[in-house]
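Nothing in this text is a laboratory measurement; each read-out follows from the coordinates by a stated rule. A quick note: this is a predicted structure, and the numbers were derived from the prediction, not measured. Ideal geometry is used to build each Cβ from the backbone, glycine not excepted, and the neighbour counts take in all protein chains shown.
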Amino acid sequence: MTTIQRTEKASPLEKFIVLAGDLDQLRSRVEQITQTEQSIDDLCDTLEVEELGKRYGVSLETMRKRLKQAGGQVFKIGKKHVIRKIRFLEVLEALESQ
C-alpha cells in the first residue's frame, strides 16, 4: 500500500505519523546504500591499458586482448585504450580464481 493510500482518510496527526515513519524508512535505506555501494568516482576511475601492459611486460595489443578474453571491457578514448579500475579488479579476481 502506498503512502498516499495510507494517509487518504487519516486525521492530520495520523498523516504526520505515517509520513514520519516512511521518511525514517527511506533514511535508513539511503544509509544502507551509501555504506555498501561504491562511489561513482570508483566506478568511473580508469587505467591506461598501455601502462598496464608495460607493468606486466606485454604490448598494448596483448594486454587489450587478454583483458577482453577475461571479461574486461576496454574502451578507446582518443588515442588511448582504457579500462575502468573496477572492471580491472574484477578481471584480476576472475583470473585469480581460475
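Counting lysine pairs in the chain that sit 8 or more residues apart in sequence, or on different chains, and whose Cα atoms lie under 25 Å apart gives 15. Computed from the C-beta positions of T46 and Q69, the FRET efficiency with R₀ = 22 Å rounds to 0.70.
Stretched out fully, how many nm does the piece from S11 to Q25 gain, at 0.36 nm a residue minus the Cα gap?
Details: separation 14, 0.36 × 14 = 5.04 nm, distance 2.12 nm.
Here the segment from S11 to Q25 would lengthen by 2.9 nm.
Nearest 0.05, what FRET efficiency do V58 and L92 give at R0 = 22 Å with Cβ-Cβ as r? Working from the Cβ atoms, E equals 0.90. How charged is the neighbourhood of G53? Take every other residue with its Cβ under 11 Å from the Cβ of G53, and add Lys/Arg as +1 and Asp/Glu as -1. Combined, the nearby Lys, Arg, Asp and Glu give +1.
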